[in-house]
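These notes concern the structure reproduced below.
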């Protein structure tokens, strides 16, 4: 297909992935896939162009994603209790789960990429960054960390109390800073508050965030943040 260049083809995606990719490119009028924005063992994100405007295109790798990793975030989430969860379709459910989580976060007012569409294991969402480069991860940022912590703390409150979701992998590696604002990303593993491991996941998120900001000189206390998330929001 025109618009699918060697950067994409060289990743040697399987036939199902290529079929899903062609389909979503056609359905959403994606004319060109540019360079990889990020790449990991489980997925790769490209900058792409939909009707000449940049979008982020995330492809979950069917061949390398660990199904044992997915299970603990899918089973127990009431929203997906009736879904088919066999090995052949679990990665497709994971992609759809991230799309739904992004929808719920956006609806609740949490800073996260706006979801645009998905097909099988291919997800299209808002591109965060400039014409020259993607938005940097929090871990690579310089700036007013006191202000960033306050915003992230309030975003966590909104996510937990309005969207009623727990990120379950929140850290400086899963937050982008775009135009001075933090955005939560990689929410495939995000679970609802009724998940049996939600409290454990929340405490882990809190530990990671507080640990990062303490290294930056911010007096971030995990016990205080947990109390804040479970109590009244204070601006």
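Yes/no per residue for (1) assigned by TED's automatic domain parsing to the domain that holds residue 39; (2) touching a helix residue (DSSP H, G or I) at 6+ places or on another chain (Cβ under 9 Å); (3) at pLDDT 95 or above; (4) farther than 19 Å from residue 192 by Cβ:
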position	(1), (2), (3), (4)
74	yes, yes, no, no
107	yes, no, yes, no
122	yes, yes, yes, yes
132	no, no, no, yes
152	no, yes, yes, yes
158	no, yes, yes, no
Is it fair to say residue 82 is free of Cβ contacts under 8 Å to residues at least 60 places away in the same chain, farther than 27 Å from residue 25 by Cα and either outside any helix (DSSP H, G or I) or touching a helix residue (DSSP H, G or I) at 6+ places or on another chain (Cβ under 8 Å) (or both)?
yes
When the stretch 103-145 is checked residue by residue, the ones that are assigned to a helix (DSSP H, G or I) and surrounded by 14 or more Cβ atoms within 10 Å (Cβ to Cβ) are 103, 104, 105, 106, 108, 138, 145
For the structure I just gave you, tell me whether residue 44 is in a strand (DSSP E or B), in the same structural domain as residue 94 (by TED's automatic domain parsing) and over 15 Å from residue 117 (Cα atoms).
yes
In the stretch 197-227, what residues are under 26 Å from residue 142 (Cβ atoms), touching a residue at least 12 places away in the same chain (Cβ under 8 Å), in contact with a helix residue (DSSP H, G or I) (Cβ under 9 Å, 6 or more places away or on another chain) and in a helix (DSSP H, G or I)?
205, 206, 207, 209, 210, 212, 213, 222, 225
Looking at (1) modelled with pLDDT of 85 or more; (2) under 20 Å from residue 134 (Cβ atoms), find the lone condition where residue 40 falls short.
(1)
Check off (1) surrounded by fewer than 20 Cβ atoms within 10 Å (Cβ to Cβ); (2) touching a residue at least 24 places away in the same chain (Cβ under 8 Å); (3) within 28 Å of residue 17 (Cα to Cα) for residue 161 and give me the number that stays unchecked.
(3)
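The values are calculated or read from the model by the stated rules, or taken from the named source; none is laboratory data. Computed from a predicted structure; not experimentally measured. Because the Cβ atoms are built from the backbone with ideal geometry, glycine has one as well, and the counts that use them run over all protein chains shown.
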